Amino acid sequence: MQIDLAYIVDELPLLWKGMQVTLLLTLLGIVGGVALGAALAVARLSRFRPLSLAAGLYVDLFRLLPLILLIFWIYFLLPLWLGRPIGGFYSALVSFILYEAAYFCEIVRSGIQSVRRGQVHAGLATGLSYGQTMRAIILPQALRNMLPVLLTQSINLFKSTSLVYVVGVRDFLTAADVIGTKDNRLIEMYGFVAVVYFALCCAASLSVNRLQRRYAI
Amino acid sequence: MERYSWNWAILVTEPYVYWILSGIVWTILVALAGWVIALALGSVVGVARTLRQPVVRAIVGAYVETFRNVPLLVQIFLWYFVLPELLPAAAGQWLKRDLPHAEFWTAVVSLGTYTACRIGEQVRAGIEAIAKGQTHAGLATGLTLPQVYRHILVPVGFRMTVPALTSEFINIFKNSALALTIGVLELTSRTRQVAEYTYQAIELFTAATVVYALITLIVTFAMRVVERRARLPGMIQSARTGP
């Protein structure tokens, strides 16, 4: 068996197209997931019991589902609800946002809770309002505490986007799969995909480690 | 949404009920068999990562980094499609043609080796948390380093690891759904299949969701029993539920 590197180079433009879809899904998933997750975290920390219970239920429910099953759920349910087909890309994106929000919620919540309670009292005692205390004292520290975990979870999402394979979206893995199947070159294609994911994720987690060392409180 | 015609009876209609039940059985088989590999390999990896020998550390470190940084789905494809081609012809042929339930064993090995690298990190953290003081204490009482590992670091480090294992155990059940990509007819795959035949997707995916919820509950309760028995007196984790 021979591994043909020139073959991979020939197919790079198509693979890059797939990688763009992967990166776009990751980026939009992070933005949507963090936004929804932060809202859920605020709800979970709320003094209003029904709100915090509902947010807790959301987190528990979405964390017990396999992501693939959630993708199937959305792929089927969303068109039924909207009354028109929406395609694999948007189904997958909605699934990632809903799913990751549950994880981001817990990260944001523990980030906020990691700041000692005394600091709220101290802020209020110096005459700041609750909002000012949150904005100027609690949130900046919370953000520094949660940033490494947020980034690690984002790397996880980057890897998880490969699951769009099950709804036929042409991400990096699926593009490689299509090309490799057509030319009977699955070894080169899957091997290349693994190497690229490995290099990118390694580089990303190394930078997260470095960041963590520099910004830890 | 109002055009959806509900039919919960589909869940107990033959032959679908048997398909779903067999899907549940395959999910449990894949996850449990993978868990056996994950625990065994993960323990070895975790201990090896705390050793001083540079060669051992490098090999095990490379293993952990590789399996942690490549998506599980890609790993499954590598095991299933690429490995048989890289092996000597006879072995590859056996994997592809002659091995019964090849897709099942592939899923088990993929999940097992993937989860093992995560468990390895937990075991390493458990051992490192106690290693410093207790290694010195053990050596001072006249034990050799292997004896320190055997009698102190491994048993105590393992008990520190138990709470973290709960979420890995739940994860392996969730991750077992990826086995559907190579044709294992586990729960998610079966419910999707019946949903496509009958157009009763909501009922079927609800059933799957409930089963995964039950699995999560059962694992959580079972592990809580293990946690209680493995708890180390005097550690913070025991203070929470103390007497």
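No value in this document is a laboratory result; all are computed from the given coordinates. Quantities reported herein were computed from a predicted structural model and do not represent experimental measurements. When we count neighbours, we look across all protein chains shown, and the Cβ atoms used for this are built from the backbone with ideal geometry, even at glycine.
General observations
- Euclidean distance of C-alpha centroids, region B:1-33 and region B:170-238, integer Å: 14
- Taking trypsin sites (Lys or Arg not before Pro) across region A:110-182, the ones in a DSSP loop with at most 15 further Cβ atoms lying within 10 angstrom of their Cβ are A:116.
- Dipole magnitude of the protein assembly as shown about its Cα centre (Cβ charges: Lys, Arg +1; Asp, Glu -1), debye to nearest 20: 2080
- Hydrodynamic radius (Kirkwood) for region A:5-215, which is based on Cα pairs only, to one decimal in Å: 19.3
- Footprinting exposure proxy ranking of A:86, B:37, fewest other C-beta atoms within 10 angstrom first, gives A:86, B:37.
- Label positions at residue A:215 and residue B:65, each projected 7 Å from the Cα along the C-beta direction, are separated by 2.4 nm.
- Each helix, a run of at least 4 DSSP H residues, gives -39500 (n - 2.57); summed and divided by the residues of chain B, these come to -24000 deg cm²/dmol at 222 nm.
- Quotient of the Cα radius of gyration of region B:85-210 and 2.2 N^0.38 Å, N being its number of residues: 1.59.
- Counting neighbouring beta carbons within 10 Å and listing from fewest to most, the residues A:130, A:99 come out as A:130, A:99.
- Positive dipole terminus of region B:8-233, leading residue within B:83, B:11, B:53 (C-beta point charges): B:53
- Stretch in chain B that is longest and holds no chymotrypsin sites (Phe, Trp or Tyr not before Pro) that DSSP places in a loop and that have at most 16 other beta carbons within 10 Å: B:7-198
- What separates the Cα centres of region B:53-113 and region A:1-75 is a distance of 26 Å.
- Angle in degrees between helix B:187-198 and the longest Cα principal axis of chain B, rounded to the nearest 10: 10
- Likely footprinting exposure, B:198, B:50, fewest C-beta neighbours within 10 Å first: B:198, B:50
- Taking a ≥ b ≥ c as the square roots of the Cα gyration tensor eigenvalues, the protein assembly as shown comes out rounded, since a/c falls below 1.5.
- Rounded if a/c under 1.5, otherwise prolate or oblate - region B:34-112, Cα gyration tensor axes: prolate
- Remark: relative contact order (region A:144-217) = 38 percent; criterion is Cα-Cα distance under 8 angstrom and separation of 6 or more residues.
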